[in-house]
Amino acid sequence: KNFAIACAEIASSFAKHKTKALDLGCATGRASFELAKYFDSVEGIDFSVRFVGVGSKLKNEGYVAYSSKEEGEITKQKKVTLQELGYEALRDKVAFWQGDACNLKPNFKGYDLIMATNLIDRLYNPKLFLEDVAQRLNKEGVLVLTSPYTWQEESTAKELWLGGYYDDEGKEVRTLERLRETLGDEFELLHHQDLEFVIKETARKYQHTIAQLSVWKKK
């Protein structure tokens, strides 16, 4: 199953209330549209202006044209439409914004669900994001995180990694346990599972990744 579809289905199944959702790190917006099947209003935020532009174009113009890498410098022109994705009736429920997950504007609040897919291991300060997120959720709101935990210094200074390293005593520090420590005062862990996804690189090469999805309910 498509990763964005799977994430939206799982996330919405844990959300008790379905008025407003936030899709953080929304990329080109597929999961935002999927969440709009379940929520009255969905806001998608991404740091990349280009990604946000793709989602906005699909919403406003009904289609997006793009080139797909086939082999070497050979590409194929493709097009995707709201109609073929089944999103035409959802366009007015979705809005896209450029933003920084670690420094969101105050108006981004009042959500029943915040979903951050494959985001935390690419933030410059993931703990800052996690410490801020509870105030943006309504009572009984749900936070859904997915990540393959591919921590790298290009994105996050090593001293700010949530996991994936050895501590001073040589013990493994795993991300899920650090998430429990960081979120534990304000959230209850409801569920976690592995979720696979595939990214096409060329006509013959695909990247296969296993993310861990975790569901946290605001106390």
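None of the figures in this text is laboratory data; all of them are computed from the coordinates on show. Remember, predicted model here, so these are calculated numbers, not experimental data. We place every Cβ from the backbone using ideal geometry, glycine too, and count neighbours over all the protein chains shown.
Across the range 1-31, the qualifying residues are those that are assigned to a loop (DSSP other than H, G, I, E, B) and among the hydrophobic types (A, V, I, L, M, F, W, C), and the one among them that is farthest from residue 193 (Cα to Cα) is 27. Between 108, 129, the distinction of being under 16 Å from residue 25 (Cβ atoms), touching a residue at least 40 places away in the same chain (Cβ under 8 Å) and not β-branched (Val, Ile, Thr) belongs to 108 only. Each residue in the range 137-159 was checked for being more than 19 Å from residue 3 (Cβ to Cβ) and part of a strand (DSSP E or B), and 5 pass. As a summary of the residue check, residue 120 satisfies the conditions (1) over 17 Å from residue 22 (Cα atoms); (2) within 20 Å of the chain's Cα centre (by Cα); (3) surrounded by 14 or more Cβ atoms within 10 Å (Cβ to Cβ) except for the one numbered (1).
Checking each residue in the range 32-50 for being buried (at least 18 other Cβ atoms within 10 Å of the Cβ) and either in a helix (DSSP H, G or I) or on the phi > 0 side of the Ramachandran plot (or both) picks out 32, 33, 34, 35.
In this structure, is residue 55 surrounded by 19 or more Cβ atoms within 10 Å (Cβ to Cβ) and outside any strand (DSSP E or B)? Yes, satisfied. Note on the range 149-177: residues that are in contact with an Asp or Glu (Cβ under 9 Å, 6 or more places away or on another chain) and either closer than 19 Å to residue 193 by Cα or surrounded by 12 or more Cβ atoms within 10 Å (Cβ to Cβ) (or both) total 12. Taking the stated definitions as given, is residue 177 assigned to a helix (DSSP H, G or I), under 25 Å from residue 3 (Cα atoms) and among the acidic types (Asp, Glu)? Answer is yes for this residue.
When the range 28-48 is filtered for residues that are within 22 Å of residue 147 (Cβ to Cβ) and touching a residue at least 60 places away in the same chain (Cβ under 8 Å), the ones remaining, listed by number, are 29, 31, 32, 33, 35, 43, 45. For residue 131, the criteria (1) outside any loop (DSSP other than H, G, I, E, B); (2) in contact with a helix residue (DSSP H, G or I) (Cβ under 8 Å, 6 or more places away or on another chain); (3) closer than 17 Å to residue 21 by Cβ hold in every case but one, which is (3). Scanning the range 54-74 for residues that are of a type in the set (D, E, K, R) and under 22 Å from the mean Cα position of the chain (by Cα), we see that the one that is farthest from residue 89 (Cα to Cα) is 57.
Annotation: of all residues in the range 77-105 being touching a residue at least 24 places away in the same chain (Cβ under 8 Å) and charged (D, E, K, R), the one that is surrounded by the most Cβ atoms within 10 Å (Cβ to Cβ) is 93.
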